[in-house]
Amino acid sequence: NQPFLKELDQFLLADVGTHILDVARFLFGEAKSLFCHTARVDPTICGEDVATVCLSMENGACVTCEMSYASRLEHEHFPETYVTVEGENGCVELGPNYRIAVTTRTGTQTLDAPPQCYDWADPAYALVHASIVDCQRNLLAALRGDGVAETTAEDNLKTLQLVYGAYTSAASGEIYRLGMPRLEASIA
């Protein structure tokens with residue numbers, strides 16, 4: 001429903017990649033370097049529709065973010081995003097229909113966590129609209145002095161550094177090492 005996206009030279013990473021890499025930072029902290037490979041599968045678009053970003057985190061973790069608008073899945077629920085986080089004691093999965101599953105050696109527990117639906121919103125995009133409402137509510141409260149913004153401009157710049165670092169890595173075929181001065185060069 002956003003046809004202009006087909007014309008962008010930078011597509012997937014700039015669109016959904018921003019959110020995926022932001023979640024990676026939220027869950028695992030800051031990255032010290034990354035390596036990215038991109039591809040364009042759909043010949044009717046200009047930018048990439050597949051990307052894999054491997055992040056080396058400051059805490060020693062290795063985080064792999066696989067993104068694709070080209071995948072054909074049995075249970076496609078666009079714009080839902082599926083996430084799997086694995087650790088030494090088990091994994092957490094966010095799967096179709098907003099189902100969260102936590103699996104450990106003792107078994108799996110599940111939770112259904114659908115977004116709030118608004119009368120004015122397209123139900124197919126309830127996830128997107130609910131997140132925007134909550135984000136705007138949080139930012140307004142911060143502007144009024146009634147709380148602290150969960151996302152700041154400084155925080156957004158750190159995520160954008162990952163996005164543009166991923167593009168730099170994909171273009172060069174080399175590891176991108178994080179540092180704020182490189183962000184300005186990548187955007188220019």
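Being over 19 Å from the mean Cα position of the chain (by Cα) and at pLDDT 95 or above is the filter here; which residues of segment 150-188 pass it?
171, 172, 173, 174, 175, 177
Only one of 50, 16 is at pLDDT below 95 and either surrounded by 12 or more Cβ atoms within 10 Å (Cβ to Cβ) or touching a His at 6+ places or on another chain (Cβ under 6 Å) (or both). Can you tell me which?
So the residue among 50, 16 that is at pLDDT below 95 and either surrounded by 12 or more Cβ atoms within 10 Å (Cβ to Cβ) or touching a His at 6+ places or on another chain (Cβ under 6 Å) (or both) is 16.
Residues of segment 111-125 being part of a loop (DSSP other than H, G, I, E, B) and either under 24 Å from residue 92 (Cα atoms) or free of Cβ contacts under 8 Å to residues at least 12 places away in the same chain (or both), which ones?
113, 114, 115, 116, 119, 120, 121, 122
Report, ordered by the first and then the second residue, all pairs with beta carbons closer than 8 Å, sequence separation of six or more or different chains, a first member in segment 65-91 that is over 21 Å from residue 34 (Cα atoms), and a second member that is among the hydroxyl-bearing types (Ser, Thr, Tyr).
What qualifies is 79/125; 80/98; 89/104; 90/103; 90/104; 91/84; 91/103.
Could you tell me which numbered condition residue 145 fails, if it satisfies all but one of (1) small (Gly, Ala, Ser); (2) under 19 Å from residue 17 (Cβ atoms); (3) open to solvent by 40 Å² or more (accessible area, probe 1.4 Å)?
(2)
Inspect segment 77-100 for any residue being farther than 19 Å from residue 14 by Cα, assigned to a loop (DSSP other than H, G, I, E, B), touching a helix residue (DSSP H, G or I) at 6+ places or on another chain (Cβ under 9 Å) and of a type outside the set (D, E, K, R) and give the result as yes or no.
So far as segment 77-100 goes, yes, one or more of its residues are farther than 19 Å from residue 14 by Cα, assigned to a loop (DSSP other than H, G, I, E, B), touching a helix residue (DSSP H, G or I) at 6+ places or on another chain (Cβ under 9 Å) and of a type outside the set (D, E, K, R).
What are the residues in segment 45-67 that are among the small types (Gly, Ala, Ser) and in a strand (DSSP E or B), if any?
Scanning segment 45-67 gives 51, 56.
Looking at segment 53-64, which of its residues are over 16 Å from residue 12 (Cα atoms) and open to solvent by less than 50 Å² (accessible area, probe 1.4 Å)?
Selection gives 55, 56, 57, 61, 63.
Being at pLDDT below 90 and either within 17 Å of the chain's Cα centre (by Cα) or polar (S, T, N, Q) (or both): is that true of residue 106 here?
No.
Would you say residue 42 is more than 17 Å from residue 178 (Cβ to Cβ) and either outside any strand (DSSP E or B) or touching a helix residue (DSSP H, G or I) at 6+ places or on another chain (Cβ under 8 Å) (or both)?
Here the answer is yes, as residue 42 does meet what is asked.
The values are calculated or read from the model by the stated rules, or taken from the named source; none is laboratory data. All values derive from a computational prediction rather than experimental measurement. Using ideal geometry, Cβ is built from the backbone for each residue, glycine included, and neighbour counts are taken over all protein chains shown. Ligands, DNA and RNA are excluded from the accessible area calculation, which covers all protein heavy atoms including side chains. Shrake-Rupley method; radii C 1.70, N 1.55, O 1.52, S 1.80 Å.
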